[in-house]
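Notes follow once the structure below has been shown.
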């Protein structure tokens, strides 16, 4: 089995690639290598004969046609995307270019490839389009997002992902391309570019820097350990029913403030205390993100009952593993902090 993974040098994509290679499958990784990509996240598999890397933009139609023609993948797991809400607020263009136009180009290339397949190869082909729970908008204090929740995106990022979801669905209904869609909750874990809440908090806490919390910190997210998500994506790509959507969530709701406080306590425990006080003293409340959704929570019942997936990590076990990984791998994150992103706030209007 050969899987084409787009965005395979990114956070979730690299976890998928590592998992597939570890399971003895072949992978073609297509990545543009934008600021958040990191080939060192694939160091353990990059020497495998089952691994191939192509640096290319998914919005480049000739390049995508060449990838399919050269590598003849059995399925696609499409993860390439601009993904940070804060960056979409100050610069929405790349989000439309990659998430919308790029997905359109990739769907067309996959359709041409699939139409040329025959027999069992044609029947087994899948195009898994990986999306986010943010397309559903914001929840109140109760309720969960299901696969039937109406779309209500609130940021340029979530709007671009909603558009790409609709394109993927249209390519199934109009052309018959065997598309499956997944919508996930907030991911965390090793190899996470430190612009997102958890890795940013870990590294700022280690360095004794302020720990910014938007608003009053009451916004709630459902947290999903990245390796659990990678297993879910592989399962959906293998067994998902074309035309279906599968929500992937960890059933781990926490407010942003609780997340930051828990990270502080773990860093204090695992790295040693900061002077005589707790790193909670570094918490700094800042002006809220524009259009900040109040709460996300995923109902993963369909994935659990139909495909048999279960998250293996709780939030407590997964977060402990994550903090320890960052403590053990300054060689991975220090060049990022010193060269590409030092932890400054993004997304100010």
Checklist line | Within a Gaussian network of the chain (alpha carbon springs, distance under 10 Å), most fluctuating of 307, 224, 107 | finding: 307
Checklist line | Order of 234, 6, 174, 284 under a 10 Å beta carbon neighbour criterion, fewest first | finding: 174, 284, 234, 6
Next item on the list: Determine the relative contact order of the stretch 1-153: mean sequence separation of Cα pairs under 8 Å and six or more apart, normalised by residue count, in whole percent.
Entry: 23
Item checked: Contour excess over end-to-end distance, with Cα ends at residue 329 and residue 65 and 0.36 nm allotted per residue -> 91.3 nm
Next item on the list: Please build a GNM for the chain, connecting alpha carbons under 10 Å apart, and tell me which residue among 115, 280, 221 fluctuates the most.
Entry: 115
Notebook entry, point to check: Using the count of nearby Cβ atoms within 10 Å as a rough guide to exposure, how do 188, 157, 175 rank from fewest to most?
Noted result: 175, 157, 188
Margin query: Only Cα pairs within less than 10 Å get springs; with that Gaussian network setup on the chain, which residue of 121, 59, 300 has the largest fluctuation?
Written below: 121
Next item on the list: Could you list 268, 222 in order of exposure, starting from the residue whose Cβ has the fewest other Cβ atoms within 10 Å?
Entry: 268, 222
Margin query: Sort 90-103, 123-136 by the packing proxy (mean of other Cβ within 10 Å over each peptide's residues), most packed first.
Written below: 123-136, 90-103
Checklist line | Relative contact order (percent, whole number), the chain, Cα cutoff 8 Å, 6+ residue spacing | finding: 19
Next item on the list: For the chain, give the share of DSSP beta bridges that are antiparallel, in percent and rounded to the nearest 5; count only bridges with both residues there.
Entry: 10
Note to self: Taking a ≥ b ≥ c as the square roots of the Cα gyration tensor eigenvalues, with a/c under 1.5 meaning rounded and otherwise prolate when a/b beats b/c, else oblate, which class fits the stretch 169-228?
What the structure shows: prolate
Item checked: Highest-first arrangement of 34-41, 242-249, where packing means the average Cβ count within 10 Å -> 242-249, 34-41
Check: Once the Cα atoms of helix 11-22 and of the chain are each reduced to a long axis, what angle between those two axes, in degrees from 0 to 90 to the nearest 10, is obtained?
Finding: 60
Next item on the list: Report the extension gain between residue 138 and residue 276 in nm, rounded to one decimal, defined as 0.36 nm multiplied by the number of residues separating them, less their alpha carbon distance.
Entry: 45.7 nm
Notebook entry, point to check: What FRET efficiency, computed as 1/(1 + (r/R0)^6) with R0 = 41 Å and r the Cβ-Cβ distance, is obtained for residue 169 and residue 118, rounded to the nearest 0.05?
Noted result: 0.95
Notebook entry, point to check: Cα atoms only, the stretch 1-157: Rg and Dmax in Å?
Noted result: 16.5, 50
Notebook entry, point to check: To the nearest 10 degrees, how steep is helix 103-115 against the longest Cα principal axis of the chain, on a 0 to 90 scale?
Noted result: 30
Check: Which percent, nearest 5, of DSSP beta bridges in the stretch 192-307 are antiparallel?
Finding: 45
Notebook entry, point to check: When the label point is put 7 Å from the Cα of residue 340 along its Cα-to-beta-carbon vector, which residues of the stretch 5-38 have a backbone N closer than 18 Å?
Noted result: 6-18, 29-38
Notebook entry, point to check: One-quarter of the Cα convex hull surface for the stretch 80-166, in nm²?
Noted result: 6.8
Checklist line | Helix 315-328 vs. the chain, principal-axis angle (Cα, 0 to 90°, nearest 10) | finding: 80
Note to self: Quick check on the chain: helices-only [θ] at 222 nm, where DSSP H runs of length 4 and up contribute -39,500 (n - 2.57) each and the sum goes over total residues. Nearest 500, please.
What the structure shows: -12000 deg cm²/dmol
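Report the calculated FRET efficiency for residue 238 and residue 312 (r = Cβ-Cβ distance, R0 = 25 Å), to the nearest 0.05.
After rounding to 0.05, the efficiency reads 0.90.
We did not get these values from a lab; they are worked out from the coordinates using the rules stated. Just so it is clear, the structure is predicted and the values come from calculations on it, not from any experiment. Reconstructed Cβ throughout: ideal geometry from the backbone, glycine too, with neighbour counts over all protein chains shown.
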